[in-house]
1. What are the residues in the range 43-88 that are touching a helix residue (DSSP H, G or I) at 6+ places or on another chain (Cβ under 6 Å) and within 16 Å of residue 23 (Cβ to Cβ), if any?
2. Considering each of 58, 76 in turn, give the residue that is modelled with pLDDT of 95 or more and open to solvent by less than 70 Å² (accessible area, probe 1.4 Å).
3. How many of the residues in the range 45-98 are within 10 Å of the chain's Cα centre (by Cα) and of a type in the set (Lys, Arg)?
4. I'm trying to understand the selection: among the residues of the range 58-115, which are in contact with an Asp or Glu (Cβ under 8 Å, 6 or more places away or on another chain), in contact (Cβ under 8 Å) with a residue 60 or more places away in the chain and assigned to a strand (DSSP E or B)?
5. Give the range 90-111 a look and list any residue that's in contact with a strand residue (DSSP E or B) (Cβ under 9 Å, 6 or more places away or on another chain) and among the charged types (D, E, K, R), or say none.
6. Examine the range 24-44 for a residue that is buried (at least 16 other Cβ atoms within 10 Å of the Cβ), touching a Phe, Trp or Tyr at 6+ places or on another chain (Cβ under 6 Å) and of a type in the set (Lys, Arg), and state whether such a residue exists.
7. Of all residues in the range 85-95, which are out of contact with any Leu (no Cβ under 8 Å at 6 or more places or on another chain) and open to solvent by less than 60 Å² (accessible area, probe 1.4 Å)?
8. I'd like to verify a number: residues in the range 1-23 that are small (Gly, Ala, Ser), open to solvent by 50 Å² or more (accessible area, probe 1.4 Å) and on the phi < 0 side of the Ramachandran plot, how many?
Amino acid sequence: QVQLVESGGGLVQPGGSLRLSCAASGIIFRIYAMGWYRQAPGKQRELVASILSGGSTNYAISVKGRFTISRDNAKNTGYLQMNSLKPEDTAVYYCNLLNGLDDYWGQGTQVTVSS
């Protein structure tokens, strides 16, 4: 059974940092592209960052230069390092693994940026 478990969310002040983790089990993690998405109240889910199985990365313009996506295939875990956080980064963050028709989602972790 495939399971994705996100962790690392929380409350942080503007300008602060958080690192999200996505631990995968029951899956050959290294062959999947991984993405981090977020959904703020009243808004559509949006792609924040992605990393392909080969390591190529892509970022939304709104987070470029502040967020870094990475993966450790030996640990079946992906990460999203978030620096210089802004109130508009407040959302539920989800990790996603995609390989062809295989599409898996985590349960989400809340990130709140507020003073």
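The values are calculated or read from the model by the stated rules, or taken from the named source; none is laboratory data. Since the model is a prediction, treat every value here as computed from it, not as a measurement. Here Cβ is always computed from backbone atoms with ideal geometry, including for glycine, and neighbour counts include all displayed protein chains. Keep in mind that these areas ignore ligands, DNA and RNA; they rest on the heavy atoms of the full protein, side chains included. Shrake-Rupley method; radii C 1.70, N 1.55, O 1.52, S 1.80 Å.
1. Here is the first cut: in the range 43-88, the ones touching a helix residue (DSSP H, G or I) at 6+ places or on another chain (Cβ under 6 Å) are 53, 73, 76.
Correct list: 73, 76.
2. Details: 58 fails: open to solvent by less than 70 Å² (accessible area, probe 1.4 Å).
Only one candidate passes the filter, namely 76.
3. Summing the residues that are within 10 Å of the chain's Cα centre (by Cα) and of a type in the set (Lys, Arg) in the range 45-98 gives 0.
4. Once the filter is applied, which keeps residues that are in contact with an Asp or Glu (Cβ under 8 Å, 6 or more places away or on another chain), in contact (Cβ under 8 Å) with a residue 60 or more places away in the chain and assigned to a strand (DSSP E or B), the range 58-115 yields 79, 82, 93, 94, 95, 96, 97, 109, 111, 113.
5. The first filter runs over the range 90-111 and keeps only residues in contact with a strand residue (DSSP E or B) (Cβ under 9 Å, 6 or more places away or on another chain), leaving 90-99, 103-111.
Matches in the range 90-111: 103 only.
6. Yes: one or more hits.
7. Taking the range 85-95 and keeping what is out of contact with any Leu (no Cβ under 8 Å at 6 or more places or on another chain), we get 86-92, 94.
Within the range 85-95, 89, 90, 91, 92, 94 meet the criteria.
8. Step one: of the range 1-23, the residues small (Gly, Ala, Ser) are 7-10, 15-17, 21, 23.
Checking which are open to solvent by 50 Å² or more (accessible area, probe 1.4 Å) leaves us with 7, 15, 17.
Adding the requirement that they be on the phi < 0 side of the Ramachandran plot leaves 7, 17.
The total comes to 2.
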